[in-house]
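The values are calculated or read from the model by the stated rules, or taken from the named source; none is laboratory data. Please read these numbers as outputs of a predicted model, since none were measured by experiment. Backbone-built Cβ (ideal geometry, glycine too); neighbour counts: all protein chains shown.
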Amino acid sequence: MDQTIEVLINAETIPTYSHPGDAGADLSSAENLVLHPGERATVATGVSIALPAGFVVFVVPRSGLAAKHGITVVNSPGTVDAGYRGELKVTLLNTDLREPFTINKGDRIAQMIVMPVVQARFIPVDKLPESERGESGFGSTGIAHRTEQAQ
């Protein structure tokens, strides 16, 4: 099933999907810079888009950069609303405590995922309906069972 939409784009480097069926299209850097340990920077991509109404772009880290170099997107996922027409920029963070990371123009730095969105109509009530989970929040489901050797 082909689920594609047309997105108008103004860019020197068009985002591309690495493999058929991938959810994220790669965004590339439009500038050269070095991210020192613990440093963050907002990196230009040179990409501007016009999303159709009812869609959003989420900007997320590239797994290879995160796993191999500790490079992540600070506000992941970054949200690009359909009405925004400015340049997509990505705020990257070098979480490595020892090694700087060099970004060259053209390097793939993040991914953009285009998704449909539904807006909510919020209805004020005095009391919410009951649910099985109730008010159980952070950590309420526990962690996997650990053996004595793993501890």
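Worth pointing out:
- Lone unmet requirement of (1) in contact with a Pro (Cβ under 6 Å, 6 or more places away or on another chain); (2) β-branched (V, I, T); (3) more than 14 Å from Q111 (Cβ to Cβ) for V7: (1)
- Residue check for D126: more than 19 Å from A30 (Cα to Cα), part of a loop (DSSP other than H, G, I, E, B) and touching a helix residue (DSSP H, G or I) at 6+ places or on another chain (Cβ under 7 Å): no
- Residue that is surrounded by the most Cβ atoms within 10 Å (Cβ to Cβ) [pool: residues in segment 82-98 that are under 13 Å from the mean Cα position of the chain (by Cα) and β-branched (V, I, T)]: V90
- Taking the criterion of being closer than 16 Å to H36 by Cα and crowded, with 16+ Cβ neighbours inside 10 Å, the residues of segment 99-120 that qualify are F101, I103, I109.
- Residue check, A44 assigned to a strand (DSSP E or B), touching a residue at least 12 places away in the same chain (Cβ under 8 Å) and of a type in the set (G, A, S): yes
- Once segment 63-98 is narrowed to residues that are hydroxyl-bearing (S, T, Y) and outside any strand (DSSP E or B), the residue that is farthest from L33 (Cα to Cα) is Y84.
- Screening A44, A50 for residues that are modelled with pLDDT of 95 or more, surrounded by fewer than 14 Cβ atoms within 10 Å (Cβ to Cβ) and within 12 Å of L88 (Cα to Cα) leaves exactly one candidate, A50.
- Selection within segment 1-41 - within 21 Å of T91 (Cβ to Cβ) and of a type in the set (D, E): E12, D26, E31, E39
- Residue-level check: of (1) within 25 Å of V118 (Cβ to Cβ); (2) not in a strand (DSSP E or B), I49 misses just (2).
- Any chance N75 is under 30 Å from I14 (Cα atoms), polar (S, T, N, Q), surrounded by 13 or more Cβ atoms within 10 Å (Cβ to Cβ) and without any contact (Cβ under 8 Å) to a residue 60 or more places away in the chain: no
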